[in-house]
Amino acid sequence: MGDIEVPESHPRYQSLLTRHRIEAGVEKGITSKQGLIAEGRGEAFDYLLGERTLDSADEAERAAAAHLLLARHPVVSVNGNVAALCPAELVELADAVGADLEVNLFNRTEERVRAIADHLREHGAGEVKGLTADERVPGLDHERAKVDADGIHDADVVLVPLEDGDRAEALGRMGKTELVVDLNPLSRSPRTAAVPIVDNVIRAIPNITRYARDLRDAPREELEAIVEAFDREAALADAERAIREGGD
Ligand code: PTJ
């Protein structure tokens, strides 16, 4: 935690820690200022969820792991918020499923793409995509549409933590299977996703990795059965219910 002084006994330890990571991300040129606002929105939903992983989110994380393992070309998309919150965990997930890491930003600047790629490499990443930006996602304005031809553009399965709704829909129109992490079950991006994961990225990413490791040697039929059994509508409804009613 470096210079951060939050006692572990503090009841909101985890959320204060998360805030500090986002603040440090802004200072390091990784996270956008809008990322601070996004974090605030996320925190409110996480508070209502009891800052825990619902059983339905846990199932979604297992289904996401199965999708990533079955994929021809999986890509983990990285923005300024997740890069600040869980860089090493993103690298571990990409390693566990053989995915590419690609920096893909809502508010794209070349400087921030480079800073995030460097940050991921400092946390153990090998190649990081997103700098070439030689292809476009159709139906989006220029900067937000930029992707690598041999990265997201070619991917069949994309994990997009904290995606914005327009881009989630545009990627969906390209026929990609989207796995979206977002604490707001009413937000357009999880509602577009094949697998909506209503959980905090700091809990979701390591849990997907854990499942991916568990399932690494599972036969394709078993992975396909997990994908098949996952009910996206039920997962979204369960998260909404938990937020409205509290409890399990
Ligand atoms: O780095 P960039 O330029 O790509 O920008 C990234 C942000 C996140 C700033 C950008 O995509 C954005 O503005 O997103 P929105 O539209 O504010 O949506 C963010 C969503 O993520 C909201 O629905 C939040 O509830 C959710 N969210 C925020 N923090 C977390 C989260 N979901 C899961 N885990 C979190 N830690």
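Rounded to a whole number of µm²/s, how large is the Stokes-Einstein D of region 76-229 at 4 °C and 1.567 mPa s, given Rh as the Kirkwood radius over C-alpha pairs?
Working: Rh = 15.7 Å.
Result for D is 83 µm²/s.
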Could I have the simple spin-label model distance between R213 and D141, label points 7 Å from Cα toward Cβ, reported in nm to one decimal? 4.2
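Equivalent-ellipsoid semi-axes (√(5λ), Cα gyration tensor) for region 6-129, whole Å, largest first? Don't skip to the end; give the middle numbers.
Working: eigenvalues 112, 90, 32 Å².
Calculated on Cα positions only, the semi-axes equal 24, 21, 13 Å.
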Hey, can you grab everything whose amide H is under 5 Å from the amide H of V181? Only 5+ residues off in sequence or another chain; H modelled, so Pro and N-termini drop out. V160, L162, E163, I197
Through the Karplus equation 6.51 cos²θ - 1.76 cosθ + 1.60, θ set to phi - 60°, convert the phi angles of region 30-42 into ³J(HN,Hα) values in whole Hz; use x for Gly and Pro. 9, 9, 7, 4, 4, x, 5, 5, 4, 4, x, 4, x
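Only bridges whose two residues both fall in the chain count here: according to DSSP, what percent of them are antiparallel, nearest 5? Numbers along the way, then the final one.
On the way: 2 of 18 bridges.
Percent antiparallel among DSSP bridges in the chain is about 10.
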Taking the solvent-accessible surface of protein heavy atoms with a 1.4 Å probe, what is the per residue accessible area of region 55-245 in Å²? 40
GNM flexibility winner over the chain from T132, T209, T18 (Cα, springs under 10 Å): T132
Using θ = phi - 60° and Karplus 6.51 cos²θ - 1.76 cosθ + 1.60, couplings along region 18-24 (whole Hz; Gly, Pro as x): 4, 4, 5, 5, 5, 4, 5
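FRET efficiency for Y47 and E27, Cβ-Cβ distance as r, R0 = 22 Å, nearest 0.05? Walk me through the intermediate numbers first.
On the way: r = 25 Å, r/R0 = 1.13.
Computed FRET efficiency for Y47 and E27: 0.30.
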Report the paramagnetic label zone for A88: residues of region 115-133 whose backbone N is under 19 Å from a point 7 Å from Cα along the Cα-to-Cβ axis. 116-127
With every protein chain left in place and a probe of 1.4 Å, what is the accessible surface of S9, to the nearest 10 Å²? 100
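The values are calculated or read from the model by the stated rules, or taken from the named source; none is laboratory data. A quick note: this is a predicted structure, and the numbers were derived from the prediction, not measured. Positions of Cβ are backbone-derived with ideal geometry, glycine not excepted, and every protein chain shown enters the neighbour counts. For accessibility, only protein heavy atoms count, side chains too; no ligands or nucleic acids. Shrake-Rupley method; radii C 1.70, N 1.55, O 1.52, S 1.80 Å.
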